[in-house]
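In what follows, a single structure is set out as structure tokens and then discussed.
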Amino acid sequence: MGDVERTEFEIPGGIPPRRTGRDPETSVDANVQPDDVEAEVTLRPRSLDEFIGQPKVRNQLSLVLTGAKRRGVVPDHVLLSGPPGLGKTTMAMIIAQELGTSLRMTSGPALERAGDLAAMLSNLMEGDVLFIDEIHRIARPAEEMLYMAMEDFRIDVIVGKGPGATSIPLEIPPFTLVGATTRSGMLTGPLRDRFGFTAQMEFYDVDDLTRVVKRTAKILEVGIDADAAVEIASRSRGTPRIANRLLRRVRDFAEVHADGHITLGAANAALIVFDVDELGLDRLDRAVLDALIRGHGGGPVGVNTLAVAVGEEPATVEEVCEPYLVRAGMIARTGRGRVATASAWRHLGLEPPEGTIGDY
Ligand SMILES: Nc1ncnc2c1ncn2[C@@H]1O[C@H](COP(=O)(O)OP(=O)(O)OP(=O)(O)O)[C@@H](O)[C@H]1O
Ligand SMILES: [Mg+2]
């Protein structure tokens, strides 16, 4: 050992070089990944009181639910909108829980034909919550049937084909539709208008995410220092799903390299291994910034061009990367495309050219 200065933890092979593109093993993007699935079931808060953050949404929702319960009617349909991993599915489950009813789950892509939706609707019990995830991806015929169901609790089922087809009206028991979308802009006007209440989920601040990290650590029975919880929270892109995932990765690290207790040193060392930078940006985020700045002089660039440059679907860049990069003040959306701000240039270690947005 001798006189060599040592950091608290040694990283086998040294600090890994920053790579671009996405590696599913370590990616911290906000979409669900295989190892989240089981963990999320145990980590989901089960009541409005247990749900951390989103004070505005919680407050409004609590009024909507309490009001309906007092009047003895089913609550208005609710649309939950916001980037991935902020708690939309969790909130839908909580709504059913608070109402004391059951939750039926489906998703836009699963409702390809009107018949798929008709089957779902005709199986509902009075007061049930029907949750349609990714509701912006619902096929048009199903969407039209949904209009009627939402408004009149009635649908027309078409029986037969061609000139002999007849439509049979079918009553649906009153229910509450909860729709979730990462792309509220893609919802058609008529569908959006039929929701009585729209909740816009926002990115979480560091305080709230710190509470998420501490709560999860408690459930997972892992010890964590307060400053380590803050560190993980501040690198979680404002997203509870990522906070929980980073905590699990840091726990792995602390188990392998120490006694399992999470200190600030362990958190920092682990976050380097998993390629999460000081702002919580992952490889894909940095690849987007890199394509925008090094590839296109800072923009403006269309989202499709950026997506091709980083080898991702435009939808992923738009729904997963952009919202946080915009909120972090790294990119701006303009009429002619995406533009890098001065902070983005500096984040890549470059001096922004004169006239860059956000320059000082
Ligand atoms: N307010 C919160 N408090 C504590 N944990 C939360 C909160 N919101 C979300 N989580 C955690 O984050 C995970 C992801 O949340 P959820 O699945 O509800 O996100 P989502 O918005 O539905 O994402 P997607 O758009 O990908 O479907 C949950 O398993 C839960 O553990
Ligand atoms: Mg969800």
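Below, the figures for the structure above:
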quantity: The stretch 174-199, subset out of contact with any His (no Cβ under 8 Å at 6 or more places or on another chain) and hydrophobic (A, V, I, L, M, F, W, C), residue nearest to residue 83 (Cα to Cα); calculated: 180
quantity: From 62, 47, residue being polar (S, T, N, Q) and either farther than 30 Å from residue 326 by Cβ or within 11 Å of ligand 1 (Cβ to nearest atom) (or both); calculated: 47
quantity: Of all residues making up the stretch 78-115, the number that are charged (D, E, K, R) and within 13 Å of ligand 1 (Cβ to nearest atom); calculated: 1
quantity: Filter result for the condition that a residue is small (Gly, Ala, Ser), within 30 Å of residue 156 (Cβ to Cβ) and outside any helix (DSSP H, G or I), over 179, 185; calculated: 179
quantity: Residues (β-branched (Val, Ile, Thr), more than 24 Å from residue 212 (Cβ to Cβ) and surrounded by 20 or more Cβ atoms within 10 Å (Cβ to Cβ)) located in the stretch 68-104; calculated: 74
quantity: Every pair of residues 6+ apart whose Cβ atoms lie under 6 Å, when the first sits in the stretch 87-99 and is touching a residue at least 40 places away in the same chain (Cβ under 8 Å) while the second is within 9 Å of ligand 1 (Cβ to nearest atom) and part of a loop (DSSP other than H, G, I, E, B); calculated: 90/44
quantity: One residue from 61, 65 being more than 16 Å from ligand 2 (Cβ to nearest atom), in a helix (DSSP H, G or I), buried (at least 16 other Cβ atoms within 10 Å of the Cβ) and free of Cβ contacts under 8 Å to residues at least 40 places away in the same chain; calculated: 65
quantity: Scope the stretch 189-214; condition more than 19 Å from the chain's Cα centre (by Cα) and either assigned to a helix (DSSP H, G or I) or among the basic types (Lys, Arg) (or both); matching residues; calculated: 189, 190, 191, 192, 193, 194, 214
quantity: Test for residue 56: is it within 16 Å of ligand 1 (Cβ to nearest atom), of a type in the set (Lys, Arg), surrounded by fewer than 18 Cβ atoms within 10 Å (Cβ to Cβ) and not in a strand (DSSP E or B); calculated: yes
quantity: All positions within the stretch 145-182 that are more than 16 Å from ligand 2 (Cβ to nearest atom), in contact (Cβ under 8 Å) with a residue 60 or more places away in the chain and either surrounded by 21 or more Cβ atoms within 10 Å (Cβ to Cβ) or of a type in the set (A, V, I, L, M, F, W, C) (or both); calculated: 150, 175, 176
quantity: Criterion (surrounded by fewer than 22 Cβ atoms within 10 Å (Cβ to Cβ) and in contact with an Asp or Glu (Cβ under 6 Å, 6 or more places away or on another chain)) met by exactly one of 323, 352; calculated: 352
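Just so you know, all these numbers are worked out from the coordinates, no wet-lab data involved. In this text, all values refer to a predicted model and were calculated from it rather than measured experimentally. Quick reminder, even Gly has a Cβ in these numbers, built from the backbone with ideal geometry, and neighbours come from all protein chains shown.
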